[in-house]
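The values are calculated or read from the model by the stated rules, or taken from the named source; none is laboratory data. Since this is a predicted model, take the numbers as computed values, not measurements. Cβ coordinates were reconstructed from backbone atoms using ideal geometry, including for glycine residues, and neighbour counts include every protein chain displayed.
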Amino acid sequence: MKNFICFLLLIFSFIPFYYAAAQTEDSTGAQQDSIITEQPIDTLSIKDSLKKAFLNDPARVKITDLINSVNDKSASIDMLHSENVVKIKASSIDQAGDIEIKMKRNDDVWFRISGSFAMISKDAFIAHFNRKKFVYFDNLNEKVIEGPTTADNIGYILRIKCTFDDMMNVMSGACRIVYYDTDTLRTESDKINTIIILKNGKRHVKYWVETKTQTVTKYAYINAKFRETLSVSYSNFVKAGSGNFARKIEISKPASGEYIRIFNETYTLNNPSLDFKVEYPSDVRKVFWTK
């Protein structure tokens, strides 16, 4: 009997340690389960959600709707063939002449400049640009230059450095507004225009859109000092398709006083037989630019 009582006392003395151990194991198990079932933060989903919220903001959608309306109207100015008077004032030239233009949206611009320009030794010089490359017949130096379409190369030929889209907007007589999903957009207004403001880092552009016709009458690049560095303006509009065609266009650099003015005299639209080939003598020297 005495031995039996000692056995029971021994068993009961281990019970607290057993429950303590069991509780510790359960607790540890619960913590492990918690760690296993915890979901990682999906940063891609958060970024997608923020991007959708940014792009679908009602104020932004209203502006992009206006931009799309402007671009739809300018798109009707296509397959253009025009013959015009051109006035160029730059550091090395201040003369007038004639310019023939062929344009296909949004990828091809061909032009032939002739007249009393210092850089023309014979009949004319001819160039064709698309978004990737250009061909330019340098009549004065009897050579053909081919290379990539860059702002620097456009500036070498036209005497004013600008983008391909700027050149397209000038040569076509109708503006297409270029914007990106990463741009911040806002508007201001005056009595006549809705002014669309695009910003993205150092890129800051303002478009003056005539509210009644939804036609761009001017746009300008703005620097850190809020001054215009390059501007394109349109005037003397005539109705063309669903849009408006400017008979007078000017691209200018206000700080230096340099500009190109084009006065459209005759034009045709939707001409399917346009030829963008640059013709030149077979024996001229060829130069290839890599940048």
Query raised in the report: So, in the range 73-87, of the ones that are buried (at least 17 other Cβ atoms within 10 Å of the Cβ) and over 26 Å from the mean Cα position of the chain (by Cα), which residue ends up farthest from residue 157 (Cα to Cα)?
Result: 84
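If only one of 245, 263, 288 is loosely packed, with under 10 Cβ neighbours inside 10 Å, modelled with pLDDT of 95 or more and farther than 18 Å from residue 163 by Cα, which one is it? Give the steps one after another, and end with the answer.
Working: 245 fails: loosely packed, with under 10 Cβ neighbours inside 10 Å; 263 fails: loosely packed, with under 10 Cβ neighbours inside 10 Å.
Testing whether each residue is loosely packed, with under 10 Cβ neighbours inside 10 Å, modelled with pLDDT of 95 or more and farther than 18 Å from residue 163 by Cα leaves just 288.
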**Report entry** Residue selected from the range 248-260 under the condition among the aliphatic types (A, V, I, L, M) and surrounded by 12 or more Cβ atoms within 10 Å (Cβ to Cβ), by the criterion farthest from residue 85 (Cα to Cα)
**Finding:** 251
Report summary line: Here the qualifying pairs (Cβ atoms under 8 Å; residues six or more apart or on different chains; first in the range 51-77 and of a type in the set (S, T, N, Q); second at pLDDT 95 or above and in a helix (DSSP H, G or I)) come out as 74/172
Query raised in the report: When residues of the range 175-199 are filtered for being part of a loop (DSSP other than H, G, I, E, B), over 17 Å from the mean Cα position of the chain (by Cα) and not β-branched (Val, Ile, Thr), how many remain?
Result: 2
**Report entry** For residue 107: the one exception among (1) over 24 Å from residue 268 (Cα atoms); (2) modelled with pLDDT of 90 or more; (3) surrounded by fewer than 17 Cβ atoms within 10 Å (Cβ to Cβ); (4) not small (Gly, Ala, Ser)
**Finding:** (1)
Report task. Could you please find all residues in the range 157-178 being of a type outside the set (A, V, I, L, M, F, W, C) and at pLDDT below 95? Result -> 159, 161
